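Peer 1: Shown below is the structure under consideration.
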Amino acid sequence: MILSEEIKKSLLAAVWFMFLTFPIMVIRVNTVQNIVEWRWKNMLLVGIAGFFGSFLGRSFFRQKEKGEKKADPNTISVAALVQKITGNQRLSRLALAVIAGFVISFPFAFSLYQINIMISALIYVMLGLGLNIVVGLAGLLDLGYVAFYAVGAYAYALLNHHFGIGFWTALPIGAVIGAFFGILLGYPVLRLRGDYLAIVTMGFGEIIRLILENWNAFSRGPSGIAHIPRPALFGWEMSLEMSTKYIYFLMIGMVLFTIFVVNRLQHSRIGRAWIALREDEIACQAMGIDKAKTKLTAFALGATWAGMGGVIFAAKTTFINPASFTIWESVIILCIVVLGGMGSIVGVVSGALVLILLPEYLRAFSEYRMLVFGVILVVMMIFRPGGIIPDVRRTYQFRKEEH
Amino acid sequence: MEPILAVKNLSMNFGGLRALDRLDLDVNQGEIVALIGPNGAGKTTFFNCITGIYTPTEGDILITPPRNSVQRINGLKPNTITELGMARTFQNIRLFPKMTVLENVMIGRHCRLSAGILGAVFQGKKVRKEEERAVTDSYAVLEKIGLAQFVNDLAMNLPYGAQRRLEIARALATEPFLLLLDEPAAGMNPQETQELNELIVRIRDTEKISILLIEHDMKLVMSLSDRIFVMDYGKKIAQGAPREIKSNPVVIKAYLGEEFHA
Ligand SMILES: Nc1ncnc2c1ncn2[C@@H]1O[C@H](COP(=O)(O)OP(=O)(O)OP(=O)(O)O)[C@@H](O)[C@H]1O
Ligand SMILES: [Mg+2]
């Protein structure tokens, strides 16, 4: 009964899809020979794909509905697993040891190519954690985050070019300049929320990129800046391999530092204020929290990480140009935060690793990256609206013994 | 003695609509004062004006915090006014739904704490002490208000009456000298209203906090208040002790068509 119904609906969907894709999939005008090709085979393929896609999707949804009705105890959710591991001391120590072992042995076990991919993934981890402050904690939808990344990268490149400033000096400078630009953006958008904020920040990101692209005298335009030195280690001359490994460990250190700081911030007076701001802006102010100050700290602290990420990015690639800082970067970083789990540190880390490493290893699909991102986002929002590892906030618990 | 809150000639225009029209109102130390009036009279607008959410078009709002001199607070930001010692609740409950009851109250403590970014990152001894104090102080407030049993629950999971009381607890945590309650009894059953009545009196008597409340429940207003102000269409139409208000023909006329019984 239900099956025949499903088949009927799926058939309908298939026909509908064939009709929709008819103009692009079937008809092809060959402009050279001036003839029209009819590719009926494509139509058949679309029909079959549509039918099975729809059929599978439907059964999936039905199962999900069933699952929601009576929460299936057999399905182990990732979040529960993570909680179980972090809850149990022995398990969590073991997990930490395994992760640490992997992290340390990674550069010695894998090729240079792999290490480089891992480094960019780690940079995205850092960016994701930074954006998480703005989007996940303070609830401010920022689509121009890449601007601060660009600012950091260009700060190092230009400071080095003009004044010969080295990586280690540029890193804190990048952080400060990032924070400064964060406030610069934050100030005019203090009154904006939600979609409006997203649009304005997106514009800000594009403005920065356009400036870098067109102000040749300042940034050398689209041709970018080359010969940016890699990070130095007490003036040692390092081979490419050595220096890549060095950057790898530097990045591991930076990520740990970021996690430490973000975690502390999250569970502090300021972190509480961010969450309250996200929950209800008016009540938040009425309870004595300075909205402007709280928002600006969120923007500034988020941008700090992007600024430092930019410096490291410039040092890693030794060449930067505006093409590395398009709106898509912002979107990817936002995807990392949303997919990983807004407000959740473990979630953002795994989100970054999944979203950056997967496309690298699935080179065959790299052209469809955005498409795959889109599909994953939609599917995730349906099945796991909280992200891969949703935020299980460590709330302030009151225990009587504390007296 | 100076009134702790003195509002003079306050007007608020929304475009062409005059929501408050040259309103005068004052609250003395230790008083429970009620502000009543038919729906749309402008009571909530009045609260929004004196707590900095709106900037009034005209008039003066003067406060005299204990051990302090008179201060004009027109146009100050809401958080500054809260810091000066006026805390409020909202007619349509505005808790932080996804924070726990304890955290909601801790947000109220925010303006009395001082840890900054560096403090949060390094968590030195002073900051840790401060956080511990914030937790125990917040818990103490919850105990006073009778919400201790819910301490670790999410605010959104609280029963309605408890949510209303949590708003009061959160406001109390800011250590106000004047508490502004916007329809605290709305949606409460008679027993909850009775408890609220006792709670408000207790806050005034033991915490020495003065109270200005907006309320439609006339029984509660009449039994609680020392003085009552009545508004209609943004204007003050009467003021006085409960007994005088009850028999005031102007007030009865303003409430005509609505229930006015006490
Ligand atoms: N932000 C605003 N913009 C325009 N008009 C407003 C605004 N806020 C309130 N008003 C208008 O001001 C008048 C007074 O509203 P207010 O909410 O203060 O009434 P109230 O006395 O609190 O009523 P109630 O008892 O129903 O809560 C109403 O006519 C309302 O429509
Ligand atoms: Mg009202």
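Peer 1: Where does chain B land at 222 nm, in deg cm²/dmol rounded to the nearest 500, when only DSSP H runs of n ≥ 4 count, each adding -39500 (n - 2.57), divided by all residues?
Peer 2: Value at 222 nm, helices only: -11000 deg cm²/dmol.
Peer 1: Could you work out [θ]222 nm for chain A from helices alone, using -39500 (n - 2.57) per DSSP H run of at least four and dividing by all its residues? Round to the nearest 500 deg cm²/dmol.
Peer 2: Computed mean residue ellipticity for chain A: -23500 deg cm²/dmol.
Peer 1: Just from the alpha-carbon atoms, what are the Rg and Dmax of the stretch A:2-66 in angstroms?
Peer 2: 15.7, 56
Peer 1: Along Cα→Cβ, 7 Å out, is where each label goes; now give me the distance between the ones at B:Asn74 and A:Val354 in nm to one decimal.
Peer 2: According to this spin-label approximation, the distance is 5.7 nm.
Peer 1: Given Cβ point charges of +1 (Lys, Arg) and -1 (Asp, Glu) and nothing else, what value in debye, to the nearest 20, does the dipole of the protein assembly as shown about its Cα centre take?
Peer 2: Taking the Cα centre of the protein assembly as shown as origin, the dipole is about 1160 debye.
Peer 1: Okay, moving on. Among all helices in chain A defined by DSSP H, which have a length of 20 Å or more along the axis from Cα atoms plus a Kyte-Doolittle mean of at least 1.6?
Peer 2: Qualifying helices, which must be both long enough and hydrophobic enough, are A:167-186, A:345-361, A:369-383.
Peer 1: Now, a different point. Highest mean first, what order results for B:23-32, A:298-307 on Cβ atoms within 10 Å?
Peer 2: A:298-307, B:23-32
Peer 1: If you don't mind, another one. Would you mind checking the tilt of helix B:160-172 against the longest principal axis of the Cα atoms of chain B, expressed as 0 to 90 degrees and rounded to 10?
Peer 2: Rounded to the nearest ten degrees, it is 80.
Peer 1: I've got another one for you. Could the peptides B:58-67, A:308-317 be put in order, highest first, of the mean number of other beta-carbon atoms found within 10 Å of their residues?
Peer 2: The peptides rank, most packed first, as A:308-317, B:58-67.
Peer 1: Same structure again: Expressed as a rounded percentage, what relative contact order does chain B have, with Cα pairs under 8 Å and six or more residues apart?
Peer 2: Computed value for chain B: 26 percent relative contact order.
Peer 1: Whole-Å semi-axes of the stretch B:96-174's equivalent ellipsoid, largest first, each the root of 5 times a Cα gyration tensor eigenvalue?
Peer 2: After diagonalising the Cα gyration tensor, the semi-axes are 24, 12, 10 Å.
Peer 1: On to the next question. Hey, what's the Cα Rg ratio for chain B versus the globular rule of thumb, 2.2 N^0.38 Å?
Peer 2: Chain B yields a ratio of 1.03.
Peer 1: Rounded to the nearest Å, what's the spacing between the alpha carbon centres of the stretch A:115-151 and the stretch B:1-42? Just the number, please.
Peer 2: 48
Peer 1: Measuring from centroid to centroid over Cα atoms, what is the spacing of the stretch A:220-298 and the stretch A:14-50 in Å?
Peer 2: 49
Peer 1: Quick one: which residues, 5 or more positions from B:Arg88 or on another chain, have an amide H under 5 Å from its amide H? H modelled 1.01 Å from N in the peptide plane, none for Pro or chain starts.
Peer 2: Here the answer is B:Leu180, since their amide H atoms fall under 5 Å of that of B:Arg88.
Peer 1: Among A:Val372, A:Val146, A:Val338, which one shows the biggest mean-square fluctuation in a GNM of chain A, springs joining Cα atoms closer than 10 Å?
Peer 2: A:Val372
Peer 1: Residue by residue through A:310-320, how many Cβ atoms from other chains fall within 10 Å of the Cβ on average?
Peer 2: 0
Peer 1: Which shape class, rounded, prolate or oblate, goes with the stretch A:304-380 when its Cα gyration tensor gives a ≥ b ≥ c as root eigenvalues, a/c under 1.5 marks rounded, and past that a/b bigger than b/c marks prolate?
Peer 2: oblate
Peer 1: Let me ask another. I need the calculated FRET efficiency for the pair A:Ile104 and A:Ile48, taking r as the beta carbon distance and R₀ as 41 Å, to the nearest 0.05.
Peer 2: 0.25
Peer 1: Next up: Give me A:Trp236, A:Trp274 sorted ascending by neighbouring Cβ count inside 10 Å, so fewest comes first.
Peer 2: Starting with the residue having the fewest Cβ neighbours, the order is A:Trp236, A:Trp274.
Peer 1: Okay, next question. Take the residue pairs A:Lys291/B:Lys8; B:Lys8/B:Lys236; B:Lys8/B:Lys43; A:Lys295/B:Lys126; B:Lys77/B:Lys129; B:Lys208/B:Lys235 and return only those whose Cα atoms are more than 19 Å apart.
Peer 2: In this structure, A:Lys291/B:Lys8; A:Lys295/B:Lys126; B:Lys77/B:Lys129; B:Lys208/B:Lys235 exceed 19 Å between Cα atoms.
Peer 1: Still on this structure, I have one more. Over all pairs of distinct alpha carbons, what does the Kirkwood formula give as the hydrodynamic radius of the protein assembly as shown, in Å?
Peer 2: One over the average 1/r among Cα pairs gives 29.0 Å for the protein assembly as shown.
Peer 1: Work out the mean other chain Cβ neighbour count within 10 Å for the residues of B:66-79 and drop it here as an integer.
Peer 2: 2
Peer 1: Looking only at other chains, what is the average number of their beta-carbon atoms within 10 angstrom of each beta-carbon in A:269-281?
Peer 2: 6
Peer 1: So how do A:126-133, B:149-156 stack up, highest first, on mean other-Cβ count within 10 Å?
Peer 2: Descending packing order for the listed peptides: A:126-133, B:149-156.
Peer 1: Which residue, B:Ala115, B:Ala19, B:Ala140, tops the fluctuation ranking in a GNM of chain B built on C-alpha contacts under 10 Å?
Peer 2: B:Ala115
Read-outs: derived from the displayed coordinates by stated rules, not from any lab. Just so it is clear, the structure is predicted and the values come from calculations on it, not from any experiment. Here Cβ is always computed from backbone atoms with ideal geometry, including for glycine, and neighbour counts include all displayed protein chains.
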